[in-house]
Amino acid sequence: MEIIQIVSIGLIAAILSIILKEERPEFSMIISLLAGTIIFLMMISKVQAVLQVFSNLSSKMNIDVLYLTTIFKIIGIAYITEFGAQVCKDAGEGSIATKIEFGGKILIMILSIPILMALLDLIINIIP
């Protein structure tokens with residue numbers, strides 16, 4: 001099971017990070033970043049499978065690909081933002097993490113404008 005691999009990588013990285021934190025904090029940070037990257041790369045194929053399923057569903061339901069693509073971009077921004085912010089928090093840089101989260105929220109807000117406009121148009125057309 002892949003979850004056992006993921007948890008094992010996380011636990012091994014956490015133990016190594018704790019051991020090295022006092023003597024070599026730079027290695028501790030590298031181990032943490034490496035573990036996160038390995039887990040992320042392990043999950044890319046799963047994410048691709050989910051994207052393919054949603055893409056097939058949208059074509060069957062005649063949903064505009066633009067909306068689906070936008071939603072996928074928003075989800076991607078959210079995950080990448082969270083990953084980057086957590087790395088910064090682990091490194092003790094909470095203020096940088098906050099700025100990363102702020103940037104992610106702004107980008108999500110900008111990307112959501114076309115979906116919000118389409119939703120408002122739909123509501124306006126429904127109301128007599």
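The values are calculated or read from the model by the stated rules, or taken from the named source; none is laboratory data. Since the model is a prediction, treat every value here as computed from it, not as a measurement. As a convention, Cβ positions derive from the backbone with ideal geometry for all residues, glycine included, and neighbour counts pool all protein chains shown. Just so you know, the surface numbers come from the protein's heavy atoms only, side chains and all, with ligands and any DNA or RNA stripped out. Shrake-Rupley method; radii C 1.70, N 1.55, O 1.52, S 1.80 Å.
For THR37, indicate whether it is under 30 Å from ILE115 (Cβ atoms) and of a type in the set (S, T, N, Q).
Answer is no for this residue.
Filter the stretch 14-42 down to the residues that are in contact (Cβ under 8 Å) with a residue 24 or more places away in the chain and among the hydrophobic types (A, V, I, L, M, F, W, C) and list them by number. First the steps, then the outcome.
Taking the stretch 14-42 first, the residues in contact (Cβ under 8 Å) with a residue 24 or more places away in the chain are 29, 32-33, 35-36, 38-40, 42.
Within the stretch 14-42, MET29, LEU33, ALA35, ILE38, ILE39, PHE40, MET42 meet the criteria.
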Exclusive hit being modelled with pLDDT of 85 or more, of a type in the set (Ser, Thr, Tyr), part of a helix (DSSP H, G or I) and open to solvent by 50 Å² or more (accessible area, probe 1.4 Å), set THR69, THR81 = THR69
Test GLN52 against the stated conditions and say whether it is at pLDDT 90 or above and either open to solvent by 80 Å² or more (accessible area, probe 1.4 Å) or under 16 Å from the mean Cα position of the chain (by Cα) (or both).
-> no
Does VAL87 satisfy being surrounded by 10 or more Cβ atoms within 10 Å (Cβ to Cβ) and closer than 30 Å to ILE18 by Cβ?
-> yes
Quick one: count up the residues across the stretch 17-46 that are part of a helix (DSSP H, G or I) and open to solvent by 80 Å² or more (accessible area, probe 1.4 Å).
-> 12
